[in-house]
Amino acid sequence: MKKWQFYLLSFTWGLPMTLIGCLVALVLVIVGYRPKRFGWCWYFEIGECWGGLELGVFFLKSKCSGYYIMCHEHGHALQNTLFGVLMPFIVCIPSAVRYWYREIVKKIDPRKALPEYDSVWFEGQATRIGEAFMQRKGVRN
């Protein structure tokens, strides 16, 4: 995929998530956060050690989240161009439910073994395509 295709698809077929991202980004800029670039996306660092959240061409990440999370969230942005208007229903909502389920289970029983985060198809795919994209662009950890 070329850069212009990414943005065209993000602002047409993937508009629902990108529009939410634009609104969140606007609010964050107004309250003083400054976006940074990673690949073809812009991101904001917010909070401590919670992971990340993709919002179209934008993503949020915690300050302690590193290269893996950034690639993963960029992968979700690429998924947004593939799944478009279906993205909230087949990736975002299931991902959010799964994330919070895992957080609750860890609080209730920290010893409970949970499957790897990428074991579900949409999370594993996001990581694989995000890391492959960054490798093709020559971005390394």
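Observations, loosely collected:
- The region of the chain that goes longest without hitting one of the trypsin sites (Lys or Arg not before Pro) in a DSSP loop, each with at most 14 other Cβ atoms within 10 Å, is 3-62.
- Whole-number D in µm² s⁻¹ for the chain, Kirkwood Cα-pair radius fed into Stokes-Einstein, 37 °C, 0.692 mPa s: 213
- Computed in the context of the full set of protein chains, the accessible area of the chain at 1.4 Å probe radius has 67% of its extent on carbon or sulfur.
- Take the chain with all the other protein chains still there, run a 1.4 Å probe, and you get 57 Å² of accessible area per residue.
- Helical runs (DSSP H, four residues minimum) scored at -39500 (n - 2.57) apiece and divided by the length of the chain put the mean residue ellipticity at 222 nm at -17000 deg cm²/dmol.
- Cα-based shape type of the stretch 88-131, given that a ≥ b ≥ c are square roots of the gyration tensor eigenvalues and the cut on a/c is 1.5: oblate
- Within the chain: Cβ-based charge dipole about Cα centre, in debye rounded to nearest 20 (Lys, Arg +1; Asp, Glu -1): 320
The values are calculated or read from the model by the stated rules, or taken from the named source; none is laboratory data. These numbers come from a predicted model, not from an experiment. Glycine also receives a Cβ, built like all others from the backbone with ideal geometry; neighbour counts cover every protein chain displayed. Calculation scope for accessible area: heavy atoms of the full protein, side chains included, ligands and nucleic acids excluded. Shrake-Rupley method; radii C 1.70, N 1.55, O 1.52, S 1.80 Å.
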